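Working notes, beginning with the structure itself.
Just so it is clear, none of the values below were taken in a lab; they were calculated from the coordinates. This is a predicted model, so every value here is computed, not measured. Virtual Cβ from ideal backbone geometry, glycine too; neighbours counted across all protein chains shown.
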Amino acid sequence: MGIGVWYFVRPRPGELRAVSTRAADRFLSDAGGRIAPDANGLVRYAQVCVDLENRRAVALVRVDFLQSRANEDGSIDRDHLREVMHVVPVVMSGVLPSDSPAGVVDAAPKFSKRRLDHLTRWTPTKEELAKLRRLVNDKAGRDIM
């Protein structure tokens, strides 16, 4: 038993293709990996987590549709990454008890969560979901999505 992570990049609207975990990890960790950005300067990808038995996917665990800003050469945009990292502590502070007076809701973490989602997530179309379903099921060799 274990968890596997598969990546599928969306180079253009309606188009999805598999990318190796190694290539995705190198890009996301800023270890010299390159993935060509779309026309908006973003690398949009689906991160698919699957449950593995004997190295075969048996169940879908989670699917996230994420994005990272990239430079023209396909490297991750460090300035954008810093911007994302500045939002995270405020989002996490919403988990802790607030110093706000009774009856006052501290909305900063909620707005920061919304900003973080805007910076790091995208919403696929129905066609892109259908294509991802086909790609995942083909890779798994069975219907898991």
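Other residues within the sphere of radius under 15 Å centred on the Cβ of Gly14, judged by their own Cβ, net out at +4 (K and R +1, D and E -1). Sum up the charges of everything whose Cβ sits under 15 Å from the Cβ of Ala59, counting Lys and Arg as +1 and Asp and Glu as -1, but leave Ala59 out. Computed value for this residue: +3. Take the Cα of Asn137, step 7 Å toward its Cβ, do the same at Arg115, and the gap between the two points is 4.2 nm. When the helices of the chain are scored as -39500 (n - 2.57) per DSSP H run of n ≥ 4 and the total is divided over every residue, the value at 222 nm lands at -11500 deg cm²/dmol. Taking every Cα-Cα distance in the chain and sorting them into 10 Å bins from zero, the calculated P(r) comes out as 11, 33, 31, 18, 6, 1 percent. What does the extension gain come out to for Met92 and Ala107, with contour length at 0.36 nm per residue minus their alpha carbon separation? Working it through step by step, the gained length comes to 4.2 nm.
In the elastic network of the chain, a GNM with C-alpha springs shorter than 10 Å, the most mobile of Ala24, Ala107, Ala46 is Ala107. GNM remark for the chain: springs join alpha carbons under 10 Å apart, and the peak mean-square fluctuation among Arg55, Arg134, Arg69 falls on Arg55. Spacing of the modelled spin labels on Trp122 and Val84, each 7 Å from Cα toward Cβ, amounts to 1.3 nm.
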